[in-house]
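Read through the structure below, which is laid out as structure tokens, and then see the notes.
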Amino acid sequence: MNTGIVFDIREFTVHDGPGIRTTVFMKGCPLRCSWCHNPEGISPKPQIMKGLAGERLVGKEYTSDELAGLLNRQAEILRANEGGVTFSGGEPLLQAEFVAEVIDQLDDIHVLLDTSGFSSKENFRLLAGRCNLVFFDIKLIDREAHRHYTGQYNDPILRNLRVLSEMGTPFVVRVPLVPGVTDTKQNLEDIAKTVHGLPGLIRVDLLPYNKAAGGKYSACGMEFEPNYIENSELNADPEPFKIQGIEVKVV
């Protein structure tokens, strides 16, 4: 039986997929996005966060049986509200075997994977193939820019996007709008061209920039050092997607 590290479980969420959901935030992420709004999810290990209320441990170990049991106790209310369970992070694919084991024990619950897509093809198939819906982040198409702002090249992400489009699992592409980085006309046009015509694509969501993200870093003993101008005017132009005939939503 696998064990996994979870840094938060939020009940009655309404922005992490259809209906009312329980969102499980898995700890650990292979990317180092300059704008990350969950810095407590970056390290795969439990850590201490310090705040006005004192110290608290972020990161709890569960067996797959334990976590599945907790989620199954909420199954009836989730189904009654056309909701389900969302696995987010961090990056759930970093603990793919554990999450897959949890999903296999769920009692007829809608499952959504919220992912950056950065993983091996095998781990991606392992989870995406068990889910009813995937939220797939695409940040930057330019390979060097992606490495500059996230610490990793985007080759595995674009490969897994193609894998997802061949699997038959419906998905929503989500673009976090970061001023002067991901929200440029060129990047949005490149994303629109990349996802145009992909089987299974429901729509593209444009996500607003979270200016409150930097506040968590000091609590984690980290420094928030964005390598972009945070207060620049944000561009949320959906036109590049509409030109390609893609449904787009500014969230």
Sparse-neighbourhood loop sites, GluC sites (Glu not before Pro) in the range 170-247 - DSSP loop, at most 13 other Cβ within 10 angstrom: E223, E233, E247
Column: log10 I(q)/I(0), Debye, Cα scatterers of the range 1-126, q = 0.09, 0.10, 0.12, 0.20 Å⁻¹: -0.24, -0.30, -0.44, -1.17
Length gained when the stretch A80-R32 is fully extended (0.36 nm per residue, less Cα-Cα span): 13.5 nm
Stretch gain in nm, segment E66-D237, where the contour uses 0.36 nm per residue and the Cα spacing is subtracted: 57.2 nm
Most mobile listed residue (F25, F171, F12) in the chain, GNM with C-alpha springs under 10 Å: F12
Candidates V99, V14, V58: whichever shows maximal mean-square fluctuation once the chain is modelled as a Gaussian network with Cα springs under 10 Å: V14
DSSP-assigned coil residues among trypsin sites (Lys or Arg not before Pro) in the range 10-96, each with at most 13 further Cβ atoms within 10 Å: R32, R73
Cα Rg, Dmax, the range 82-180, angstrom units: 13.6, 44
Kirkwood Rh (inverse of mean 1/r, distinct Cα pairs), the range 35-82, angstrom: 13.6
Percent of beta bridges antiparallel (DSSP, the chain, rounded to nearest 5): 35
Computed log₁₀ I(q)/I(0) - Debye formula, equal Cα scatterers, no solvent, the chain, q 0.16 Å⁻¹: -1.27
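None of the figures in this text is laboratory data; all of them are computed from the coordinates on show. Given the structure is predicted, the values throughout are model-derived calculations rather than measurements. Cβ sites come from the backbone with ideal geometry, for glycine too, and all protein chains shown count toward neighbours.
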